[in-house]
Amino acid sequence: MTVIRTSDNTVTDTLTGFSGANAVAFSPDGTRAYVVNGSNNTVSVITTATKTVTGTLTGFTTPTAVAVSSTDVYVVNQGSNSVSVIPS
């Protein structure tokens, strides 16, 4: 995953270690990013201040999309035609 500074569209970092990453969403306060890993049925939780993976959510079935509200993380499971809701 490439990190881009939006003020001037400059690449500032590249994060590795994902497996079929295909979607990302940010917490409303911008402190966390959630990256969907479709190849291993997980969602990586990134602390944006340090750009490090600080957690891995499991139990998904071919996750393809993610959205975050102030209270929950929603993950679309293509493999089971469902949406998982995880308290954030």
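Things to note:
- For the stretch 2-87, the spread of Cα positions along each principal axis, largest first, Å: 40, 26, 21
- Relative exposure of S44, S27, S19, judged by other C-beta atoms within 10 Å (fewest first): S19, S27, S44
- The stretch 1-40: translational diffusion in µm²/s, Stokes-Einstein, Kirkwood Rh over Cα pairs, 10 °C, 1.306 mPa s: 140
All of the numbers you see were taken from the coordinates with simple rules; none came from a lab. Please read all numbers here as calculations on a predicted model, not as lab measurements. With ideal geometry, Cβ positions are generated from the backbone for all residues, glycine too; neighbour counts draw on all protein chains shown.
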